[in-house]
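Working notes, structure below.
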Amino acid sequence: MIQHIEDIEKLEIHFSKARFTKRLVTWSQANKRSLPWRDRWLQSNDPYVVWVSEIMLQQTVIKAVIPAYERFLDRFQKVEDLAAASEDEVRLASRGLGYYRRFRMMHQAAQYLAANPDEIWPEDFNGWKALPGIGDYTAAAISSICFDDPSPVVDGNVERVFCRLFDIRLEPNLPKLKKKFFKMGLDLISQRFPGDYNQGVMELGQTTCTKQSPSCHACPMQKYCKSYEHDSQTLAPKAKAKIEYSQVGLSIFVPKRGKLIGLKKRPNDSKFLKETWGFPTAISKGNTLAWDGSVSLNLKAHLKSESIGTVKHSITSHKIKAEVFPMTLKLSEDLRWFESQQVEENLLSNLDRKAWKAFLKSQEV
């Protein structure tokens, strides 16, 4: 077992690498789940459909990604379609997924690729990593799946699998461990089927070697696992330190002009949801309110209305409690005005969607 970070350099692979890899690849090929991006890749052999899925899956669960993925590819069927789109169109197509910077970077990468057709597509880890918004994990995933480049992925699932395999009772995301895991991945990855190896080790963590109640009885790698041997699955890996959330108070204003509802683009100095279209938002600072970012509206004129509801939301390490207020305005050049039935499809963030539902509910009373 490994309980101290200084012992990590002594860690060695205790099993036949060739047998381990062959067994994992065989299991992966036989047990792959049918997922939209896998199906599209088999049908089209187009790296674009894998790339979109890997960007969407960053810090987002599969269940939430599937409908957004289908909607996105229906709208932008090829990389050239994405490159030709406006930034607002890309934002709308990725609405509800959060972390919008990743889609802005993907849009920039698509524009670069479309402008340099001789370079479509990068075929190895370094080529993908040179594109905007592509980190180690994403570069390894795409290059291995699409181009058989033997670059190993290391994500939370892989970290957990490796911690269990070697009975490492440390927090799995420590920098020294990540470097060690990458080196292990280089040693273990299949040279012939690197994509199946990478998908296999990730799928093992997602479906079998889970965080809670791992299905050790059904694990194809059971005989290689030190944690199974020591009955220490609950100890390896060590639980990550709990996130300390900061509490944030917001006031969200729903602008109304007759039957029209107004949305405003948040500026790039907003604390939350930079450059997304939504409702004007103010942050509580002690007993006062201040607009979030450089929003050029008169806040004091709208503080007399009563809250029509409260919504709760989390963004990274922030727990948000937001009061929702109606806001009557004359036509403003700073706002886009929509019919009520058009508002939902133009809201990018789940925070704004919650505020909109609270507003609609108040109108029913």
Measuring from its Cα centre, the chain shows a charge dipole (+1 at each Lys and Arg Cβ, -1 at each Asp and Glu Cβ) which, in debye to the nearest 20, is 1320 debye
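If you count, for each residue, the other Cβ atoms within 10 Å and average over each peptide, how do 53-65, 32-44 line up from highest to lowest?
On the way: 53-65: 17.2, 32-44: 14.0.
My ranking of the peptides, most packed first, is 53-65, 32-44.
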Work through the residues other than Gly156 whose Cβ is under 10 Å from its Cβ and net out their charges, Lys, Arg +1 and Asp, Glu -1. +1
From the residues Pro122, Phe338, Pro220, which one has its Cα farthest along the dipole of the chain in the positive direction, the dipole being from +1 and -1 charges on Cβ of Lys/Arg and Asp/Glu about the Cα centre? Phe338
Per residue, the convex hull enclosing the alpha carbons of region 1-158 has a volume in Å³ of 148 Å³
In a GNM of the chain with a 10 Å cut-off on Cα contacts, which of Gly278, Gly293, Gly96 has the highest mean-square fluctuation? Gly293
Report the net charge of residues surrounding Met105, where surrounding means a beta-carbon distance below 14 angstrom and charges are Lys +1, Arg +1, Asp -1, Glu -1. +3
Plugging the Cβ-Cβ distance of Thr210 and Asn126 into 1/(1 + (r/R0)^6) at R0 = 25 Å yields, to the nearest 0.05, a FRET efficiency of 0.15
Expected max-MSF residue from Asp149, Asp269, Asp88 in the GNM of the chain (alpha carbon, under 10 Å) is Asp269
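With each run of n ≥ 4 DSSP H residues scored as -39500 (n - 2.57), what mean residue ellipticity at 222 nm is computed for the chain after dividing by its residue count and rounding to the nearest 500 deg cm²/dmol? Kindly include the intermediate steps, with their values, before the conclusion.
Details: 15 runs with 158 residues, N = 365.
Result for the chain, helices only: -13000 deg cm²/dmol.
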For region 33-92 and region 161-191, compute the distance between their C-alpha centroids and round to whole Å. 29 Å
Testing the spin-label approximation: label points 7 Å from Cα along Cα→Cβ at Thr310 and Arg75. State their distance in nm. 3.4 nm
Using the basic label-point model (7 angstrom from Cα toward the beta carbon), what is the Gln363 to Lys238 distance in nanometres? 5.4 nm
Check: C-alpha center region 3-31 vs C-alpha center region 195-266, spacing in Å is 22 Å
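Once neighbouring chains are kept in place and the probe is 1.4 Å, which whole percent of the accessible area of region 142-206 is contributed by carbon and sulfur? The partial results should precede the final answer.
Values: 1080 of 2130 Å².
The C+S portion of the solvent-accessible surface of region 142-206 is 51 percent.
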Restricting to Cα pairs below 8 Å that are 6+ residues apart, what does the relative contact order work out to for the chain? Please round to a whole percent. 16 percent
Of Ser307, Ala84, Ile261, which is farthest along the charge dipole of the chain in the positive direction, counting Lys and Arg as +1 and Asp and Glu as -1 at C-beta? Ser307
Running Debye on region 39-94 with equal point scatterers at the Cα sites and no solvent, what base-10 log of I(q)/I(0) appears at q = 0.20, 0.29 Å⁻¹? -0.73, -1.34
With the chain treated as a Gaussian network of Cα nodes joined by springs under 10 Å, which of Glu229, Glu171, Glu244 yields the largest mean-square fluctuation? Glu244
Expressed as cubic angstrom per residue, what is the convex hull volume of the alpha carbon set of region 92-192? 124 Å³
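For region 8-104, with every protein chain kept in place, what is the accessible area per residue (1.4 Å probe, Å²)? Before the final figure, lay out each step's value.
Values: 5140 Å² over 97 residues.
I get 53 Å² per residue for this part.
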Binned Cα-Cα distance frequencies in region 142-236 - 5 Å width, integer %: 3, 15, 25, 25, 19, 10, 3, 1
How would you order 120-129, 101-110 from highest to lowest mean count of nearby Cβ atoms within 10 Å? 101-110, 120-129
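Using the 2.2 N^0.38 Å rule of thumb for compact globular proteins, work out how the chain stacks up: its C-alpha Rg over that value, please.
1.16
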Once normalised by the length of region 1-131, the mean sequence separation of its alpha carbon contacts under 8 Å that are 6 or more apart gives a contact order in percent of 17 percent
Of all DSSP beta bridges having both residues in the chain, the percent classed as antiparallel (nearest 5) is 65 percent
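The values are calculated or read from the model by the stated rules, or taken from the named source; none is laboratory data. None of these values were measured; they are calculated from a predicted model. Methodologically, a virtual Cβ is constructed for each residue, glycine included, from the backbone with ideal geometry; neighbour enumeration extends over all protein chains shown. All accessible areas refer to the heavy atoms of the entire protein, side chains included, with ligands and DNA or RNA removed. Shrake-Rupley method; radii C 1.70, N 1.55, O 1.52, S 1.80 Å.
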